[in-house]
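Q: Take this structure first; my questions come after.
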Amino acid sequence: MDRKKSNRIALTLIQSLSVLTILILALMLSYLIYRGLYSNKLIEREVSDYVNYDLPFEVYSSKNSNVDELDYFTLRKIVQGKIYSLRKVSNVNRDIKLYIDPSLIKFLSSYLNLEISEFEDDNVNILTANNLINDKSLLKELKRYEASIIISEKNSNIKGFNSVEISDMVISVNKDVKALYDNKRIGNLKNEEVESLINDSIKNWSELNGPNLDVKKVDSLDEVAKISGAFMPIQASLYQKAINAQKQIQSLQVFHEVSTQNLKLNYLLSESEDEGKYGGILSIIFNTLVMVFLTIIIATPISVAGAIYLVQYAKKGKLTSLIKTGIDLLAAVPSIIFGLFGLLIFVQLMGLGFSLISGVLTVSIMILPTILRTSEEAIRSVSPSLIEASRGLGATKIETIFKVVLPSASRGITTGIILAIGRALGETAALIFTIGSSTSFVSGLKSSSRVLAQHIYLIIIEGGSIDDAFASALVLIILVLLVNSITKIIMKKEIK
Amino acid sequence: MKKNTNNKRRRVIEQGSKVVLLLCALVSITAVIAITLYIVNQGVPFFSEVSFTEFMFSLDWSPSADIPKYGIASFILASFEVVLIAIILAIPVGLSTAIFLSEFAKGKLSKIVRNTIELLAGIPSIIYGLFGIAIVVPAVRNTFGGNGYSLLSASIILAIMILPTIINISEVSIRTVPDALRHASIAMGATKWQTIYKVVVPAAVKGIVTSIILALGRAIGETTAVLLVGGNAAVFAKYPTDMGRTLTMNIITDMSYAEGTHLSALFATAMLLFIFILLLNFIVVYISNKSKVGAGE
Amino acid sequence: MNESLFKVNDLDLWYGDHQALNKINMEIEKNSITAFIGPSGCGKSTFLRVLDRMNDLIDSVTIKGNVFFEGKNIYNDMDILELRRRVGMVFQKPNPFPMTIFDNISYGPKLYKKYKKSELYDVVEKSLKQAALWEEVKDRLHTSALGLSGGQQQRLCLARTLAVNPDVILMDEPTSALDPISTTKIEELMIELKKEYTIIIVTHNMQQASRVSEATSFFLIDDNRRGYLVESGETSEIFLNPKDKRTEDYISGKFG
């Protein structure tokens, strides 16, 4: 029957659209968890991803340095002293402590194309691996420090550090390959493209968005300089030498994917540095918890009291409708308006400045309706017979409320409180104009402070590391999910 | 003697408590009035310097120019565009889910959907913004070109954010449609779907419309999520795929450095937004009261 | 004796684990009015709902036995939508849709085919006349049905059912929520309608049963709380000369 068919189609459609909500949530959560745990950056550099396993030395880095791979040119700059902090390398805000085994200096000087005198710089510490391993206190210090780099003899097997791989293969090309043609130029290569190039699968540079030249793999840099369209994969060291000798060669830039673990325990436990650009979020998490705690302390008594009034005392009339309308309206005000209000009243008018207390007071007003509505429901559903029993024994109304009604409604009220916690945790717009932005541990009610959600916002706005944003977001999501689950557990108990 | 003073004390506490409770109950409405007063107080002086028509209808917003211009028409249009598209996207999914939850209430699937909606409602807006940057913006970029930061991206994120509002309130109104009506329809040989769209949904339409209006209010007041994906270009956005700036984005962006007339302009914007949302809620209250009076002739 | 329209063989019904109906056997004649009587809770309404498969709306219901409508098994041989069109139901509490009177009546017919405006008006007029409501509402067809009185609403529901042209009208205590005058009106309607339709009515009111019906079935509940059919027969027989003592006791008011 035609009607039955359209019935089935319509009902299936409804079901599918509902399932879409699950898919959306699943997509969001899984992506946030993935990005929070793993960071995937694409950077461009001169060397390809081929790791050189034949070097006569090993490089180690401390576990919290986020360094597990270095390219030739970065290593060179580190030894030179041109890169002195891991900031730009792995987003760790520490100056590099470099230790080199003396026996390697000669090789490194030739390999890195540096004068031996550059190894005698202040930033380079000379120490053999054995001496290092034997100096337990120094070793311990280097392990703990977030930016230690050790270059030692092969097979020195220093425990407790990351092994750092060195990539040093450069694709040197003839200058015609990188020339401008039709207002375009060959761009960065992906690693698959490098591989295809090396195993002769690419015949013409135009296949790689380059100029219309035949690809010619050659064996010497002289040929690279002379023959149009020539290329040669070569060790960076030799390439650098040739550049120093003014050979007419160029190199192709390659995309390099950096995949590291993002959110680490270290991030959670270390303090913020440089106003949130580097370091961890321990202080921010602490501030968030303090803010939420204070907000709840202030908002709960007022909300519960209001709920009690509405259920137990309010009579039908203008006053009661006014109160109810007030609650509904308050619940509908967007957070940015609360932020502005907080700015005007608490920060400016009451002179509390950009501080924890200003933020707390602002958010307290915001969550009033949340706690009030749930408490109202809970108080309303207390069995009237309980109340009658208490009054029958001579208790006053207020005594009955505190001794009988509230305890009976406590589960529902708690649910409301936890819901409010969830709201307060995620609040940004209301706090931006009230709570300040300092990343240190909050030291008093009047100190400027920053909370987690706001921190994520500031990272993005101020152009900080997106990975940090996602790591913090993951922490926030976990807190929210926790709050959510606790609510469910309490509600389940209530039904039982 | 002692017993009497004890009871007297109890009665005094009783009276005093009543006053305290009343005061607490009045905090909400006091706060609303205070907010209104203060925002209006900051916003109104602006109109002594700039005319209302120029403010509302001029597309030119350039507070830092030699002759500063404070026209927020582009932002008003952007806010409405974003909210409108969000609602159009959210209604099919929201209404279907509401119908699904109330008409097909059994089973694991509906439990999962319900939990999903609760979770979606609890996720902070900043995280929606982050998700928008990471997934929605590239998707829009790949489909429509440009750089992806656009009013459309903002609409998509907003649509997801307002789903819980639409679903929860619509579901309640669908549920409250008496079973007797469903039975009457089925007994005449109507299919389930015919019963739903011919009888149940029309009977619940007031609640559904309320949910949409409330969702509208939520959406137009959203700040952080739209800020992150909307592009924040202070000009008129011709197409949804252009970058744009909503009223809320304008307030939060300029607030950190504005002063003088510029600052008042922002408060005037906030005032406008606030009044509009209050109006929406009054409409909702009016609709709810109308249906309570009864559907007589 | 008219031909048999419904034939029920050994019908059992369970709500989950609890058996609610036990071995019901019955035949309903065409163009008759049959009354189901018996004390509260003995399954009369439940059994009534078997006849148009309204019990299917409840998940936990299981059925054993056979029900035949015009010789076809209503569970295996008939399309359920068609069954429900041909076997209509009027409920205990009037349940008009929150729409206009016109829309209420035309709801049913529009499910089945497309009508021209004029055709719809004809259908609405005919149904309302059959339900003896036309004169009272003909000038306000496009006002809300909820503005009618209880008795008018019930007649509206009847008209609504009639609009789809059923063969059978099931009525589940149709007048228990109405005043005496409306009740009388509906009873008169029933007698008029049976010329064209077959009517089955569940009622608590024995006087009503004896007034309107030709056949009566008396239900009771056994020790295991299962409803069962005590006896069935011509109304005059059941009331004046019942075969079973329990029937006699119930009729004479000794219990129930």
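The values are calculated or read from the model by the stated rules, or taken from the named source; none is laboratory data. If you're wondering where the values come from, they're calculated on a predicted model, not measured in any experiment. Using ideal geometry, Cβ is built from the backbone for each residue, glycine included, and neighbour counts are taken over all protein chains shown.
Q: Can you pull out every residue in the range C:30-57 that is in a loop (DSSP other than H, G, I, E, B) and in contact (Cβ under 8 Å) with a residue 60 or more places away in the chain?
A: C:LYS30, C:ASN31, C:SER32, C:GLY38, C:PRO39, C:SER40, C:GLY41, C:CYS42, C:GLY43, C:ASP52
Q: Just one of A:TYR38, A:TYR60 is surrounded by 18 or more Cβ atoms within 10 Å (Cβ to Cβ) and either touching a residue at least 12 places away in the same chain (Cβ under 8 Å) or touching a strand residue (DSSP E or B) at 6+ places or on another chain (Cβ under 9 Å) (or both); which is it?
A: Just a single option satisfies the conditions, and that option is A:TYR60.
Condition check ((1) more than 8 Å from chain B (Cβ to nearest Cβ); (2) closer than 28 Å to B:SER264 by Cα; (3) surrounded by fewer than 22 Cβ atoms within 10 Å (Cβ to Cβ); (4) touching a helix residue (DSSP H, G or I) at 6+ places or on another chain (Cβ under 8 Å)) across all residues:
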position: A:VAL292; (1), (2), (3), (4): yes, no, no, yes
position: A:ILE296; (1), (2), (3), (4): yes, no, yes, yes
position: A:TYR309; (1), (2), (3), (4): no, no, no, yes
position: A:TYR313; (1), (2), (3), (4): no, no, yes, yes
position: A:LEU319; (1), (2), (3), (4): yes, no, yes, no
position: A:VAL333; (1), (2), (3), (4): no, yes, no, yes
position: A:GLY353; (1), (2), (3), (4): yes, yes, yes, yes
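Q: Among (1) small (Gly, Ala, Ser); (2) without any contact (Cβ under 8 Å) to a residue 60 or more places away in the chain; (3) surrounded by fewer than 22 Cβ atoms within 10 Å (Cβ to Cβ); (4) under 30 Å from C:GLY150 (Cβ atoms), which single condition is C:ALA20 missing?
A: Result: C:ALA20 passes all but (2).
Residues are listed down the side, and each one gets a yes or a no for (1) in a helix (DSSP H, G or I); (2) modelled with pLDDT of 90 or more; (3) outside the structural domain of B:TYR239 (by TED's automatic domain parsing):
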| position | (1), (2), (3) |
| --- | --- |
| B:LEU77 | yes, yes, no |
| B:VAL82 | yes, yes, no |
| B:ALA86 | yes, yes, no |
| B:ALA98 | yes, yes, no |
| B:LEU119 | yes, no, no |
| B:GLY148 | no, no, no |
| B:SER153 | yes, yes, no |
| B:ILE160 | yes, yes, no |
| B:ILE167 | yes, yes, no |
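Q: Looking only at residues in the range A:71-91 that are surrounded by fewer than 22 Cβ atoms within 10 Å (Cβ to Cβ) and in contact with an Asp or Glu (Cβ under 8 Å, 6 or more places away or on another chain), which one is modelled with the lowest pLDDT?
A: Checking each candidate, the answer is A:ASN91.
Q: Consider C:VAL123 carefully, then state whether it is of a type in the set (Val, Ile, Thr), within 14 Å of chain B (Cβ to nearest Cβ) and under 14 Å from the mean Cα position of the chain (by Cα).
A: no
Q: Is it the case that the range C:132-139 has a residue that's buried (at least 17 other Cβ atoms within 10 Å of the Cβ) and not in a helix (DSSP H, G or I)?
A: yes
Q: Only one residue in C:LYS110, C:LYS44, C:LYS64 is out of contact with any strand residue (DSSP E or B) (no Cβ under 9 Å at 6 or more places or on another chain) and either more than 8 Å from chain B (Cβ to nearest Cβ) or at positive phi (or both). Which one?
A: Of C:LYS110, C:LYS44, C:LYS64, the one residue that is out of contact with any strand residue (DSSP E or B) (no Cβ under 9 Å at 6 or more places or on another chain) and either more than 8 Å from chain B (Cβ to nearest Cβ) or at positive phi (or both) is C:LYS110.
Q: Out of the range B:118-149, which residues are within 7 Å of chain A (Cβ to nearest Cβ), free of Cβ contacts under 8 Å to residues at least 24 places away in the same chain and β-branched (Val, Ile, Thr)?
A: B:ILE123, B:ILE127, B:ILE135
Q: Another question, then. Name the residues in the range A:336-351 that are more than 7 Å from chain B (Cβ to nearest Cβ) and either hydroxyl-bearing (Ser, Thr, Tyr) or part of a helix (DSSP H, G or I) (or both), would you?
A: A:PHE338, A:GLY339, A:GLY342, A:LEU343, A:PHE346, A:VAL347, A:GLN348, A:LEU349, listed by residue number.
Q: What's the number of the condition A:LYS178 fails, among (1) modelled with pLDDT of 90 or more; (2) in the same structural domain as A:ASP222 (by TED's automatic domain parsing)?
A: For A:LYS178, the exception is condition (1).
Q: Shifting gears a bit: When only residues in the range A:14-25 that are surrounded by 13 or more Cβ atoms within 10 Å (Cβ to Cβ) and more than 7 Å from chain B (Cβ to nearest Cβ) count, which is nearest to C:TYR112 (Cα to Cα)?
A: Checked the range A:14-25; the qualifying residue nearest to C:TYR112 (Cα to Cα) is A:SER16.
Q: Looking at A:ARG373, is it within 11 Å of chain B (Cβ to nearest Cβ), out of contact with any helix residue (DSSP H, G or I) (no Cβ under 6 Å at 6 or more places or on another chain) and in a helix (DSSP H, G or I)?
A: Against the criterion (within 11 Å of chain B (Cβ to nearest Cβ), out of contact with any helix residue (DSSP H, G or I) (no Cβ under 6 Å at 6 or more places or on another chain) and in a helix (DSSP H, G or I)), A:ARG373 qualifies.
Q: Scan the range A:353-366 and tell me whether some residue there is over 15 Å from A:ALA424 (Cα atoms) and touching a Lys or Arg at 6+ places or on another chain (Cβ under 8 Å).
A: yes
Q: Taking the condition facing chain B (nearest Cβ under 9 Å), aliphatic (A, V, I, L, M) and closer than 17 Å to B:MET188 by Cβ, does C:LEU83 pass?
A: So C:LEU83 passes the test.
Q: Which residue pairs have Cβ atoms closer than 6 Å, lie 6 or more positions apart in sequence or on different chains, and pair a first residue in the range B:219-242 that is small (Gly, Ala, Ser) with a second residue that is assigned to a loop (DSSP other than H, G, I, E, B)?
A: B:GLY221/A:PRO334; B:GLY231/B:TYR149; B:GLY231/B:SER150; B:GLY231/B:MET243; B:ALA233/B:MET243; B:ALA234/B:ARG245
Q: While we're looking at this one, here's another question. Identify the single condition in (1) in contact with a His (Cβ under 9 Å, 6 or more places away or on another chain); (2) among the small types (Gly, Ala, Ser); (3) within 20 Å of A:ALA420 (Cβ to Cβ) that A:ALA453 does not satisfy, given that it satisfies every other one.
A: A:ALA453 satisfies every listed condition except (1).
Q: Let me ask something else. Determine, yes or no, whether A:ALA409 is of a type in the set (A, V, I, L, M, F, W, C), part of a helix (DSSP H, G or I), within 13 Å of chain B (Cβ to nearest Cβ) and surrounded by 23 or more Cβ atoms within 10 Å (Cβ to Cβ).
A: Judged against the criteria, A:ALA409 is not a match.
Q: Quickly run through the range B:34-49 and pick out the residues that are facing chain A (nearest Cβ under 8 Å) and of a type in the set (Val, Ile, Thr).
A: Listed by number, the residues that qualify are B:ILE35, B:ILE39.
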